[in-house]
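Please read the structure below before turning to the comments.
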Amino acid sequence: MSADDTTPPNASTPTTTSPVVVALAWLLVGVPLLYGLWQTLVKASALFTG
Amino acid sequence: MSRLDKQAIVAGPGYSRWLIPPAALAVHLSIGQVYAFSVFKNSLVESFDTSLTAIGWVFSLSIVMLGLSAAVLGTWVERSGPRKAMVAAAACWGTGFLIGSAGIASSQLWLLYLGYGVIGGIGLGIGYISPVSTLIKWFPDRPGLATGMAIMGFGGGALIASPLSNALMAFFDGDFVSTEPGAVASGSALARTFLTLGIVYTIFMLIGATLVRVPPGHGDDATAEHSPGTNGALVRASQAIRTPQFWFLWVVLFCNVTAGIGILEQAAPMIQDFFRENGDSSVSAAAAGGFVGVLSLANMLGRFVWSSLSDRIGRKPTYIMYLGVGLVLYLLLALFGSSSTAVFVALAAVIISYYGGGFATVPAYLKDLFGTLEVGAIHGRLLTAWAAAGVAGPLIVNGILDSVGEPGNLVAADYRPALLTMVGVLAVGFVANLMIRPVAESHFDTDAHADHEQRSSNRQEATR
């Protein structure tokens, strides 16, 4: 096993993964989360208006 | 070697570590549904023609199974790797919904206990710990941030599931309007909602399992390079539970969760009771519902914000804040909470953000104490504190409140004994946190420690 194979990743490790794939993965979880956040904010607003 | 094995999911050169948090979130957002189970309560009570307590047991059972399965299967999860664990979690969580759906459709409550409570609960436990160890290995420089992102998803899952479930029940039952007080969906609509959620969550979790990878060099535990704890500790799970540090941290988590549940359990009636004069509350039922929403947001954000902060200020000081500042805030809530709704909401929101933060920061604390060797398995064992607090918290609060009356018809002073009890609980946790010291060398795994020393020495030689 080469040294590179065992080097722990860090912030400066270069990546070859397409940024589009990373963006799609975050969209997949981000969209439902934003939907949940929005719905909760609407519900929470009743505290100040209700 | 199957495609699920750890050896099969070693990241190739250049695989972005920023794909791992969404993989973890796909799992945690799905299993976080459990905290939205209450949206089904009224409809389930009607459908099974049973008591609220009997339906409440479904949720309690799933949380107890979460703690037990995380403890018992933690080592298996650690050795099998995140993909196999995520697939197992998806299978259990999805199957739990499907069996639950069959139970509702056939009016067999025991099937709901078995499906959602037991099998689904096992899925919760496996799913909860499945990405934790992997995240810490991918983000050795920011473990608090990494696990905070995933465990924030568990809080966020309930925010999604609550409106989604209401929308599904309304879709399958045209007469169901979730905003109407006491609205109940038909048994058929409930069964279809469970079926739909089971399928959706299974697919979502399997996408997470497809995305996840272990870092280069971590395909085989025996040859992997593990990050030691702050004093060089690399400790196996079987040894970790023999250290005082594990049990002090168990007490810390238990106390933090118990105190948080003290507010979460009674949030809506509590805010109305705090502002009740001459029998009438100045806080409407809708505003009380809004307060529950504010707490949900604080719970979710606290998981990410405070856990990320812990990377900068250290784990012990972070828990000093959760328990020490939390204790003072609880005291202020008990004594001055009824002075204004703004003060009450602000105090409660910060307290609940600490509750969420306590969950999210604990894996990084374990990493600091025991290293990454079996941190996932150790985390699994520690989660028994959550299961215990899930039983003890409501017992303490309800026990004290029952002696003065029924929540929803009380006044601020009636809550003081329960809140002051929680101040005591937090004080115990605060002391336990102060007692945590680095793990003694006698607990280190000899082979893993020697291997790490050898690799460090080789690296130093190479750079000379």
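The values are calculated or read from the model by the stated rules, or taken from the named source; none is laboratory data. Quantities reported herein were computed from a predicted structural model and do not represent experimental measurements. Neighbour counts run over all protein chains shown; Cβ positions are idealised from the backbone, glycine included.
Of note:
- Some residue of segment B:260-274 being crowded, with 18+ Cβ neighbours inside 10 Å, over 24 Å from the mean Cα position of the chain (by Cα) and of a type in the set (A, V, I, L, M): yes
- Considering B:Leu369, B:Leu401, the condition of being crowded, with 20+ Cβ neighbours inside 10 Å and closer than 28 Å to B:Glu441 by Cα is satisfied by B:Leu369 alone.
- Put simply, of B:Ser69, B:Ser60, B:Ser43 the only residue that is in a helix (DSSP H, G or I), touching a Leu at 6+ places or on another chain (Cβ under 6 Å) and either over 15 Å from B:Pro131 (Cβ atoms) or away from chain A (no Cβ under 14 Å) (or both) is B:Ser43.
- A single entry from B:Glu265, B:Glu277 fulfils the requirement of being assigned by TED's automatic domain parsing to the domain that holds B:Leu347 and under 25 Å from B:Phe430 (Cβ atoms): B:Glu265.
- Condition check for B:Val305: surrounded by fewer than 23 Cβ atoms within 10 Å (Cβ to Cβ) and assigned to a helix (DSSP H, G or I): yes
- Residue count for segment B:138-160 under the criterion of being in contact with a His (Cβ under 6 Å, 6 or more places away or on another chain) and over 13 Å from B:Asn299 (Cα atoms): the result is 1.
- Flag for B:Leu395 being without any contact (Cβ under 8 Å) to a residue 12 or more places away in the chain, at negative phi and under 22 Å from the mean Cα position of the chain (by Cα): yes
- If only residues of segment B:102-146 that are closer than 22 Å to B:Val10 by Cβ and surrounded by fewer than 24 Cβ atoms within 10 Å (Cβ to Cβ) are counted, the one that is nearest to the chain's Cα centre (by Cα) is B:Arg142.
- For segment B:12-28, filtered to residues that are among the hydrophobic types (A, V, I, L, M, F, W, C) and facing chain A (nearest Cβ under 8 Å), the residue that is nearest to A:Leu24 (Cα to Cα) is B:Leu19.
- Within segment B:313-325, residues that are over 20 Å from B:Gly424 (Cα atoms) and part of a helix (DSSP H, G or I) have Cβ atoms under 7 Å from residues that are among the acidic types (Asp, Glu) and modelled with pLDDT of 95 or more in these pairs: B:Arg315/B:Asp368, counting only partners at least 6 apart in sequence or on another chain.
- Identity of the residue in segment A:8-50, facing chain B (nearest Cβ under 7 Å), assigned to a loop (DSSP other than H, G, I, E, B) and closer than 16 Å to B:Ser16 by Cβ, that ends up modelled with the highest pLDDT: A:Thr17
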